[in-house]
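The values are calculated or read from the model by the stated rules, or taken from the named source; none is laboratory data. Remember, predicted model here, so these are calculated numbers, not experimental data. Please note: Cβ atoms are built from the backbone with ideal geometry, for glycine as well, and neighbour counts cover all protein chains shown. All accessible areas refer to the heavy atoms of the entire protein, side chains included, with ligands and DNA or RNA removed. Shrake-Rupley method; radii C 1.70, N 1.55, O 1.52, S 1.80 Å.
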Amino acid sequence: MEVGYVYDPIYLKHDTGPHVENAGRLEASIAHLEQTGLKQQLTPIKPRAASIEELSLVHDKRYIAHIQSVAQEGGGWLEPDTVMSSRSYEAALYAAGGAITATEAVMNGEVGSAFALVRPPGHHATAQQAMGFCLFNNIAIAAKHAIAKYKLERVGIIDFDVHHGNGTQGTFYDNPQVLYISTHQYPFYPGTGWLDETGSGAATGTTINIPLPAGCGDAEYLQSFSQIIVPATKRFNPRLILVSAGYDAHGADGLASMQVSVTGFAQIVRIIKGLADELCDGHLVLSLEGGYNLSALAASIKATFDILRGSNEIEGPLGQSPYQFEAPDIAPLIKSIKEIHNLP
Ligand SMILES: [Zn+2]
């Protein structure tokens, strides 16, 4: 089955200057896909701008208008981490639209799976606030859109970015139709995502947080996936799996203190693909979140596409998980999460 990718030069027009989340991230990643010959093997999906109605599935209309007006005034800082340029609003419309178009391409059967290579990222953006380099919550908007358009009963969101996706969690905290599972470094930015945050009301149990201590590498992530994420996703039985794919848990990433390798990310993606194949006809859509070491990001994105295309070989051009320092024992943490969520 064909594997699609979303990309558009508009994503480079979100000009953040010397900020760590900059256009060079996508430029390096696209160049690597071209140099390795992989890009020609993928099906391009042209994104459209998300409509105001689509954005307002997640965001307040007043907030959307505010982002538009900041762009019209030439840009500026929205909060200490998040900056906009004059074309950032347009780029953000296409980032949300990119996640939507990727989802539509998968749900319509045009491609088997798809990866939206977009920026600005989205998972920290809340209904009313820009946060952590994010303007609109691309993955949350795509999930709400998919539920509405395709009458999906249940959607699973897996977020392996090293930061907790507070915006996504908040969007679906009381929504039993969406299972949100996150692995993230804890304690760490943005401060949310402790294991007792499990959803509210009828949605209790549909938020699953795996707050990992600093220093975790491939083994700890795979342990989290096999013991928590796989059984929880099977139990929830989604019709579509969306992924907040952030690669800032890589050992070489400067923002966090995890030790995942490119090989580790490939193994994670293989597990997620296996879940999608088993549970929901392969319906799998990834949307790019973080990842700030350019060579690690580019290699991890390529490895992700290799796995989506069914490759059994997992390349680790930057080497195995380096374990510069000793990995923590997460068995007690996993045990606690299993108890909280009644997992076998
Ligand atoms: Zn991140």
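Computed quantities for the displayed model
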item	result
Selection within the stretch 118-132 - within 16 Å of the ligand (Cβ to nearest atom) and either assigned to a helix (DSSP H, G or I) or farther than 17 Å from Asp159 by Cβ (or both)	Ala130
First in the stretch 35-49 and touching a residue at least 40 places away in the same chain (Cβ under 8 Å), second anywhere and open to solvent by 30 Å² or more (accessible area, probe 1.4 Å) and part of a loop (DSSP other than H, G, I, E, B), Cβ under 6 Å, 6 or more apart	Thr43/Glu2
Pair list, Cβ under 9 Å, 6 or more apart: the stretch 108-128 residue farther than 20 Å from His283 by Cβ, other residue open to solvent by 10 Å² or more (accessible area, probe 1.4 Å) and among the basic types (Lys, Arg)	Gln128/Arg62
Selection from the stretch 212-231 of residues that are more than 16 Å from the ligand (Cβ to nearest atom) and farther than 26 Å from Val178 by Cβ	Pro213, Gly215, Gly217, Asp218, Ala219
Residue check, Ala140 away from the ligand (no atom under 16 Å from the Cβ), part of a helix (DSSP H, G or I) and either more than 24 Å from Ile208 (Cβ to Cβ) or open to solvent by less than 20 Å² (accessible area, probe 1.4 Å) (or both)	no
Breaking point among (1) among the acidic types (Asp, Glu); (2) within 16 Å of the ligand (Cβ to nearest atom); (3) free of Cβ contacts under 8 Å to residues at least 60 places away in the same chain, for Asp174	(2)
Selection count, the stretch 285-299, where residues are crowded, with 24+ Cβ neighbours inside 10 Å, closer than 24 Å to Ala92 by Cβ and more than 13 Å from the ligand (Cβ to nearest atom)	3
Residues located in the stretch 200-231, provided they are outside any helix (DSSP H, G or I), open to solvent by 10 Å² or more (accessible area, probe 1.4 Å) and over 21 Å from Cys280 (Cβ atoms)	Ser200, Thr204, Pro213, Ala214
Filter result (surrounded by 21 or more Cβ atoms within 10 Å (Cβ to Cβ) and within 12 Å of the ligand (Cβ to nearest atom)) within the stretch 232-278	Ser244, Ala245, Gly246, Tyr247, Asp248, Ala249, His250, Asp253, Ala256, Met258
The stretch 250-274 residues that are touching a residue at least 60 places away in the same chain (Cβ under 8 Å), paired with ones that are away from the ligand (no atom under 16 Å from the Cβ) and among the acidic types (Asp, Glu) (beta carbon under 8 Å, 6 or more apart)	Gln259/Asp218; Val260/Asp218; Ser261/Asp218
The one condition in (1) surrounded by fewer than 16 Cβ atoms within 10 Å (Cβ to Cβ); (2) in contact with a strand residue (DSSP E or B) (Cβ under 7 Å, 6 or more places away or on another chain); (3) not small (Gly, Ala, Ser) that Pro18 fails to fulfil	(2)
Out of Ala298, Ala276, Ala331, sole residue that is touching a strand residue (DSSP E or B) at 6+ places or on another chain (Cβ under 9 Å), modelled with pLDDT of 95 or more and of a type in the set (Gly, Ala, Ser)	Ala276
Filter result (among the β-branched types (Val, Ile, Thr), within 16 Å of the ligand (Cβ to nearest atom) and closer than 21 Å to Ser200 by Cβ) within the stretch 148-171	Ile157, Ile158, Thr168
Top-ranked residue of the stretch 107-117 - restricted to ones that are touching a Gly at 6+ places or on another chain (Cβ under 9 Å) and aliphatic (A, V, I, L, M), ranked as farthest from the ligand (Cβ to nearest atom)	Val111
